[in-house]
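The values are calculated or read from the model by the stated rules, or taken from the named source; none is laboratory data. Keep in mind it's a predicted model, so treat the numbers as computed, not measured. Cβ coordinates were reconstructed from backbone atoms using ideal geometry, including for glycine residues, and neighbour counts include every protein chain displayed. For accessibility, only protein heavy atoms count, side chains too; no ligands or nucleic acids. Shrake-Rupley method; radii C 1.70, N 1.55, O 1.52, S 1.80 Å.
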Amino acid sequence: MQRLRVRSRSSNYDVIVGRGAWRALRRYPQLRYSSVFILTERPLWKRWGKKFQEESGVGDVQRIFVPPGETSKCLKSVERLAARLLELGADRRSLLIAFGGGVVGDLGGFVASTYMRGIDCIQVPTTVVAQVDSAVGGKTGVNVGAMKNLVGTYFPPRLVLCDPLVLTSLGARAFRSGLYEVVKHAILAGDPLFSELEESLDSLRPANLKALGPALERAVKVKVDVVSRDEREARLRQVLNLGHTFGHALEEVTGYRRFLHGEAVGWGLLAAIRLAQRLRVLRGTEEAQRMIELVDRVGPLPPVRDLDSQKILGLLSRDKKAIGGRIHWVLPERIGKVLITADVPQAAAAAAFRDVQAMERTRAPGPLEA
């Protein structure tokens, strides 16, 4: 196991990564809380709940279930969960454990940050996306209409426990979805992480914990290093949005029904690379090809060729990261270095998206396993 320390303006906290991470909860002072609640999804808890209780020592605490899927990330869910916590006797000294993927983590963190003006929260991420990205850094949020994470808070958890064991039950598609975020972190960090991922990518499988554990640790460390220096996204943390500007628009235009989050980021990475090439921000064709090939090697993506580029562009300007109607893009200059810029003509962004649509037509479609 590896223990990484996140510096936060409100309170520092640990991210524990590796097999056995759940056991760290035994050393956490649970007795200081008046009550403990677990927010999770019923199928996930049925598969892993007993194991988590045994290893963490939390015992038979109250569980609150939400339906799986992005549709649970809404204000109606927040209201329902707050009412349920009140009904079960949660007070200001209660603890909420978010046991799940990105949806449960974002929703649980937001509920914890607002219930009685804030109760402690522990994140126990159960997907690759959540373990390497969304559970770390204290961002919480829910969607409003088509806009992803429009309402949210910065609310650092007390602890993050990333055990790769829980990833062994992920389907092939859900597992691959998280690897696109790992690729994103490798592009940001550069070598040696990027080269190591090129070497090890084919061995990263849910059942191969020997290879998966170290890869996750290195990817999480990228996120920890960034958010420790810029918790509130004043500037540096914006680099983590690489691939997300196009990615969020893809999720929104398809009503969150076509893409898993990491898949949308995968297309977003390809679009950002092509946009950087068009603007001559990224000049080396060899490095561009290495990045494109690494994204491609993760596996097949849902189609984008039928999507209207004008609708995509319309959503880009409404992104919550836009300021004064200007989008702040994160574009790769090379492997290990990105540029944050608002100086991107709309025509170039449209052309970059058409480029990835053309790229799709030249690729073998491949199956999208569940």
* Among A342, A349, which is among the small types (G, A, S) and surrounded by fewer than 16 Cβ atoms within 10 Å (Cβ to Cβ)? -> A342
* The one condition in (1) open to solvent by 10 Å² or more (accessible area, probe 1.4 Å); (2) of a type in the set (A, V, I, L, M, F, W, C); (3) touching a Ser or Thr at 6+ places or on another chain (Cβ under 7 Å) that A146 fails to fulfil -> (3)
* To do: Residue by residue through region 237-255, note down the ones that are out of contact with any Gly (no Cβ under 7 Å at 6 or more places or on another chain), open to solvent by less than 10 Å² (accessible area, probe 1.4 Å) and assigned to a loop (DSSP other than H, G, I, E, B).
  => L242
* **Lone unmet requirement of (1) open to solvent by 10 Å² or more (accessible area, probe 1.4 Å); (2) closer than 18 Å to Q123 by Cα; (3) among the charged types (D, E, K, R) for R205** => (2)
* To do: Output the number of the condition that L294 fails; it satisfies all remaining conditions of (1) modelled with pLDDT under 95; (2) open to solvent by less than 40 Å² (accessible area, probe 1.4 Å).
  => (1)
* For region 63-181, which strands (runs of 3 or more DSSP E) that fit wholly inside it have 1 or more residues that are over 13 Å from the mean Cα position of the chain (by Cα) and within 25 Å of R5 (Cα to Cα)? -> 94-100, 120-125, 159-162
* To do: Return the residue satisfying two criteria in turn: it lies in region 195-236 and is in contact with a Gly (Cβ under 7 Å, 6 or more places away or on another chain) and in a helix (DSSP H, G or I), and of such residues it is modelled with the lowest pLDDT.
  => G213
* **Subset of region 322-349 that is in a loop (DSSP other than H, G, I, E, B) and in contact with a Ser or Thr (Cβ under 7 Å, 6 or more places away or on another chain) - its residue that is nearest to A174 (Cα to Cα)** => I327
* Failed item, numbered, when R258 is tested on (1) closer than 22 Å to S72 by Cα; (2) open to solvent by 10 Å² or more (accessible area, probe 1.4 Å); (3) of a type outside the set (S, T, Y); (4) touching a strand residue (DSSP E or B) at 6+ places or on another chain (Cβ under 9 Å) -> (4)
* To do: Tell me, yes or no, whether region 276-284 has at least one residue that is closer than 27 Å to G69 by Cα and either among the hydroxyl-bearing types (S, T, Y) or out of contact with any strand residue (DSSP E or B) (no Cβ under 8 Å at 6 or more places or on another chain) (or both).
  => no
* **Pair list, Cβ < 8 Å and 6+ apart or interchain, from region 92-112 residues that are under 23 Å from P164 (Cβ atoms) to residues that are outside any helix (DSSP H, G or I) and among the aromatic types (F, W, Y)** => I97/F37; G109/F155
* Structure fact -> V58 vs (1) at pLDDT 95 or above; (2) open to solvent by less than 30 Å² (accessible area, probe 1.4 Å); (3) not charged (D, E, K, R): all pass except (1)
* Taking the residues in region 141-171 that are at pLDDT below 95 and among the aliphatic types (A, V, I, L, M) as candidates, determine which candidate is nearest to T245 (Cα to Cα). => M147
* Structure fact -> Given (1) farther than 18 Å from L188 by Cβ; (2) surrounded by 14 or more Cβ atoms within 10 Å (Cβ to Cβ); (3) among the acidic types (D, E); (4) more than 24 Å from the chain's Cα centre (by Cα), E286 misses just (2)
* Hey, can you tell me all the residues within region 9-62 that are acidic (D, E) and over 24 Å from the mean Cα position of the chain (by Cα)? => E54, E55, D60
* Asked: Filtering region 227-244 down to residues that are touching a residue at least 40 places away in the same chain (Cβ under 8 Å) and among the hydrophobic types (A, V, I, L, M, F, W, C), which residue is nearest to A264 (Cα to Cα)?
  -> L242
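Where in region 1-55 are the strands (runs of 3 or more DSSP E), entirely inside, with at least 1 residues that are over 25 Å from L81 (Cα atoms)?
Details: elements: 2-6, 13-17, 35-40.
By residue number, 2-6, 13-17.
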